[in-house]
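Worksheet: the structure to be examined is printed underneath.
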Amino acid sequence: MNAKKRLKSLMGRAADAFGLLTRDFSSTMVIVTFHRVNDQMEPDGITCSAATFETFCRFFQAHFKIMSLHQQIAGCRSGQNTAGTLSITFDDGYRDNVEIAAPILRRLGLPATFFVVTGFIGTDYTAPWDAHLARPPQWMDWNHLRSLRDQQFEIGAHTDGHIDLGTAEPAAIQADLARCRAKLQAELGAPPRLFAYPFGGREHIRPASVELVRQAGFECCLSSCGSVNGPVADPFQLNRINVGGWFETPHQLGMEIMLRRA
Ligand SMILES: [Zn+2]
């Protein structure tokens, strides 16, 4: 662990001992993102081990009221205070989500939402960000997604082609969103309601794209801007924190949340 991360981890542990983390979290609505939970791969910015994932989940359980993303959204839409809640999400649709993460979530009794790139599902496509890997990880197929759905997990949309909604033409965005929705509807029997945009930085979306997401029929639009949300948030302006691999310990994450809000 590098020195900065270790220091923040120690500060977070001290803050936790004095109850400061719980007090700080009680005024935020947090959405965390993971990508891969995989012991066969080296940890990196989007990969963590099964043990690390479980450690984070137990920290979330101890410090937040964990609810499903759609419960948080319902709270936002009705103007309810969602402070102190946290939801767990996954992006892209890696196969380890169903094979490794889902059993851990079930064992701990935790809900989660899986945002999938419909064009990747059931293919052996290698994403550009995985091109350097000797053995690129596999995607889920539609049976995996039906299994997650049947286990009461939520399936959300993450576009059909992992396009950049900050630069794509409006017509291309509309066509991609329509394809993505049609595939999810056909394969899972219901249209998706939840949407997280690819890449997730502020530069990867424009207000006009958010409007297209709304017009396509989605109920929310999530970034990966690395921030938390206020207790009464706009469902189309929700921030998420990418946890998997990025933060080495839950206390480091807790300290980062505190510092970013300070
Ligand atoms: Zn993605």
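Tally Lys and Arg at +1 and Asp and Glu at -1 over the other residues with C-beta under 15 Å from the C-beta of G45: what net charge comes out? Don't skip to the end; give the middle numbers.
Working: positive: K5, R36, R240; negative: E42, D44, D91, D92, D130, E248, E256.
Local charge sum for G45: -4.
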Kirkwood hydrodynamic radius over Cα pairs of the chain, then Stokes diffusion coefficient at 37 °C and 0.692 mPa s, in µm²/s: 177 µm²/s
Apportionment of accessible area to carbon and sulfur, the chain, percent (1.4 Å): 52 percent
Charged-residue dipole, Cβ positions (Lys, Arg, Asp, Glu), the chain about Cα centre, Debye nearest 20: 820 debye
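Using Cα pairs under 8 angstrom and six or more residues apart, how large is the relative contact order of the chain, in percent?
Working: 499 pairs, mean separation 68.6, N = 262.
So the answer I get is 26 percent.
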Percent of C-alpha pairs per 10 Å bin, the range 1-151, short to long: 10, 34, 34, 18, 3
Per residue accessible area of the range 186-262, 1.4 Å probe, in Å²: 41 Å²
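Over the range 1-85, with the other protein chains present, what is the accessible area per residue in square angstrom, probe 1.4 angstrom?
On the way: 4190 Å² over 85 residues.
Here the per-residue accessible area is 49 Å².
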Farthest positive-ward along the range 1-51 dipole, Cα basis, beta-carbon charges - from G45, M11, F25: M11
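The values are calculated or read from the model by the stated rules, or taken from the named source; none is laboratory data. Fair warning: this is a prediction, and the values are worked out from it, not measured in the lab. Counting neighbours? That spans all protein chains shown, and the Cβs are built from the backbone with ideal geometry, glycine included. These area figures cover heavy atoms from the full protein model, side chains too; ligands, DNA and RNA do not enter into them. Shrake-Rupley method; radii C 1.70, N 1.55, O 1.52, S 1.80 Å.
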